[in-house]
Every structure is written in C-alpha cells, then in structure tokens.
C-alpha cells in the first residue's frame, strides 16, 4: 500500500466503484435524444424518396433544424434557473409534438412503407409521399385529441376494492384519489376549480392527494392550488409529497396544503373509524425525499406505522408505485400511488414500466398487498395525453364480512 493509499484509508474514504459501460452511455442520452427526435422525422418525411420541390425540402428541413435548436433552449429557460413560463410552454409543447411525430415516423416509415411495397402500391415516390401524409395526418389528429384529453376535467373511475381484513363497519367507505395535478406554466386555476367541484359530488369519506401538486413553488402556483381548499370529505383530506415537490421547495407545499385544510401525512398515520371498526391511513414522503437534502424528509414506513395496532388494516399513501415492495414487506393492505401518468403519451408507457412495477390500475404484490396506481389527474410538461386518459378515482372499500 502506498503512502497515498494510507492517507486515504486514514481519512475514511471509500473507493468509488468504476462506472459501468451502461452508466457511461446514459450520460449522453440528453445530448443524443433531441437529435434523434428531430432528425428521424425530418429524414422520413422529407428525404426518403419523396422528391419534393426544392423550396418544400429546404423550408421543411429548416423548420426541423430550428426545432432541434429551439426546443432545448426553451426547456432550459422555462425549467431552469430563469423559470420563464412562456418558454416552458413552448419547450413542453415542442417536446410533446416531436415525440408523437417521431413515434409515427418510425412506425409508418417502416411498417406502412413495407405494407405498401408488398402490396405493390405505386412507385417509390408515391409510397414515400403516402407515408409522409399518413404520418402528418395521424400526428395532427393525435395531438389535437391529446390536447383536449389533457385539458379536460378527468372522468371519474369507480371500482370496488375488497380488503380481507376490513371490518364490516367500514364496508362501503368511499375513498377519492387525485394525484399529479401538476399545476404549472399553463394557468389551470379554472380547471382546478372544476376538478374540485367534481370531487365534491362523490360524497367521499376520505380524499387523498398522492403528490406532484405542481411544477413550481407554492408561492408561484398558489392561485391554481387554492381550489383544493374547497374539497370536502366527511372524515379527512390527506396528502403526501411527490418527487416534483422536491424540485420546488417541498416544505412550502406541505405548509400550503396544511393551510388549505389538508393533513400532510409525512411518515405518520391517522385513524379512520366507522361502525365500530378502524382503518389506519398512513403516508410516507416520496422516495426521492432523502436525497433532497431537506432536514427531516425521507420515506420511512416504520415511522409512519409507529403506534398503530398491527391487527388493523392499513391504507398507505406513497407517491411512486415502486414503494410497494416495502409496503408488501410490512403487510400493507392497500397502497395508493400516482407518478406514472399511465404513460401520458404512448408509447412512453413501455419506458415507464421499466422503472415502475405497475403502470395503472389495481395490482397484487405479495400475499396481502394491493396497489392502485392512478393515471393522474393532470399532466406533466407536454400538454397532451395520448392513450392515457386522466382520472379522478373513487375506490369503494369492501369488507368480506359485509351483509348481503
């Protein structure tokens, strides 16, 4: 061992493990992805045998080049240190639009072109132009529909959830879940009012918000979040942090939700009692909380359940579905989560499933634990939802002991 090694050991430093090849490649994704997103559609739509008039080719290529340059600049100005909402809207809209255009350029550029060739439809130029118009048409329709889906008040999704340990007195307990409202650069104060009015028609015993309230600080997004104060529940309104709170001064959001009459469940629980039976309603901070550097923040399930009777059923609020492994290890009966947005813009669904154990809906994990993953109430970033509709969820808890 050299003198340098002795000095490092004495200082208690732990040698840093070398990065894997995959980790090294991942560093280049933010640089490579925008290039692919813009160059692939440009190539498929303009340069694969269409033989457009020269002005069309030049103008089209120039527009794609401006998008490649402008989108990252707008994203940095909108979501970086400057936090310029107008720039964020431009950058987010371009990102969603080019994602859809990229997806269908790849699909039609290969599959439709192959089908036309096998069918012997037209010559090379005819097939190339058919692919171009098909991609543009489908993308335009999906973006218009996706924008309307993102901006609409979510449909109510209702389902009964049977919990074997739920007492008969709690049968029929109505739990409303909203999540991932993502109030942000597009002012959605009126939308927020309409969402809250819809929640109030559901006669909830318990209303839950599982995080990602907004993109931006509580001070900046207060007007959009204020309608949450009008939400009604006969028993409680409870909230847990999401990962986006930790990008935007999370404690400010915890304080604002408390001010609006919601009970932040930061690694703690409350009891919901009805008909002589009791349900433990617990919540944990988002899994990213510990790395945020905020004192006291971190996902600690044991702390959340401290003092609760282990024989009682537990409803857990945790922003990310990935927390369900820990929930199952503790014998949690039902975990409510959001975070995935159901993929938001297809085919991003498949990338989300690489990171999370569930995309949307009810799933079982382990011997006892059920997980319900909401597709989210709002949208993040690009103002589009394609094959991933938003939702307000009404879960009616059922006991195996209920009469009839």
Answer from 377, 369 - the residue that is modelled with pLDDT of 95 or more, surrounded by 21 or more Cβ atoms within 10 Å (Cβ to Cβ) and farther than 29 Å from residue 89 by Cα:
369
Looking for something in the same structural domain as residue 256 (by TED's automatic domain parsing), more than 17 Å from the chain's Cα centre (by Cα) and within 16 Å of residue 390 (Cβ to Cβ) - is there at least one such residue anywhere in the stretch 203-215?
no
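Only one of 279, 294, 271 is more than 20 Å from the chain's Cα centre (by Cα), surrounded by 24 or more Cβ atoms within 10 Å (Cβ to Cβ) and not in a helix (DSSP H, G or I). Can you tell me which?
Values: 294 fails: surrounded by 24 or more Cβ atoms within 10 Å (Cβ to Cβ); 271 fails: surrounded by 24 or more Cβ atoms within 10 Å (Cβ to Cβ).
The unique qualifying residue is 279.
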For the stretch 258-286, pairs from a residue that is not assigned by TED's automatic domain parsing to the domain that holds residue 179 to a residue that is surrounded by fewer than 22 Cβ atoms within 10 Å (Cβ to Cβ), with Cβ under 9 Å and 6 or more apart or across chains, are none
Per-region count, the stretch 330-365, residues assigned to a loop (DSSP other than H, G, I, E, B), surrounded by fewer than 16 Cβ atoms within 10 Å (Cβ to Cβ) and in contact with a strand residue (DSSP E or B) (Cβ under 6 Å, 6 or more places away or on another chain)
0
Among the residues of the stretch 212-243, how many are out of contact with any strand residue (DSSP E or B) (no Cβ under 6 Å at 6 or more places or on another chain), buried (at least 24 other Cβ atoms within 10 Å of the Cβ) and either free of Cβ contacts under 8 Å to residues at least 12 places away in the same chain or in a helix (DSSP H, G or I) (or both)?
1
All-but-one check, residue 381 against (1) without any contact (Cβ under 8 Å) to a residue 60 or more places away in the chain; (2) in contact with a helix residue (DSSP H, G or I) (Cβ under 7 Å, 6 or more places away or on another chain), failing number (1)
Can you report the number of residues in the stretch 182-238 which are touching a helix residue (DSSP H, G or I) at 6+ places or on another chain (Cβ under 6 Å) and at positive phi?
1
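The values are calculated or read from the model by the stated rules, or taken from the named source; none is laboratory data. Predicted model only: the values in this text are computed from it and were never measured. As a convention, Cβ positions derive from the backbone with ideal geometry for all residues, glycine included, and neighbour counts pool all protein chains shown.
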